[in-house]
Amino acid sequence: MKQALVHVQNQAAMQRVARSRIEQELDADKFIAGARRRHMERLSVWAQGVREQHMNEETRETA
């Protein structure tokens, strides 16, 4: 009887560890997705600045 209880407790502990690992992976995926999104936003702002700079240079050259 005691062995069965220990076995069930061990299984429950292993399930908690597995669930914890899955949650950590999901948290990491969310973090990476957020970092990727922020990076793309910064890249977009930088590219817009480069385009505007080129437009200003072309305007100065033709004036």
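The values are calculated or read from the model by the stated rules, or taken from the named source; none is laboratory data. Nothing here was measured: the structure is a model prediction, and the numbers come from that model. Neighbour counts run over all protein chains shown; Cβ positions are idealised from the backbone, glycine included.
Here are the numbers for the structure shown:
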item: Checking D29 against (1) within 15 Å of the chain's Cα centre (by Cα); (2) loosely packed, with under 10 Cβ neighbours inside 10 Å, the condition it does not meet; result: (2)
item: Every residue from the stretch 45-63 that is of a type in the set (A, V, I, L, M) and modelled with pLDDT of 90 or more; result: V45, A47, V50, M55
item: Out of A35, A4, sole residue that is surrounded by 10 or more Cβ atoms within 10 Å (Cβ to Cβ), in a helix (DSSP H, G or I) and free of Cβ contacts under 8 Å to residues at least 24 places away in the same chain; result: A35
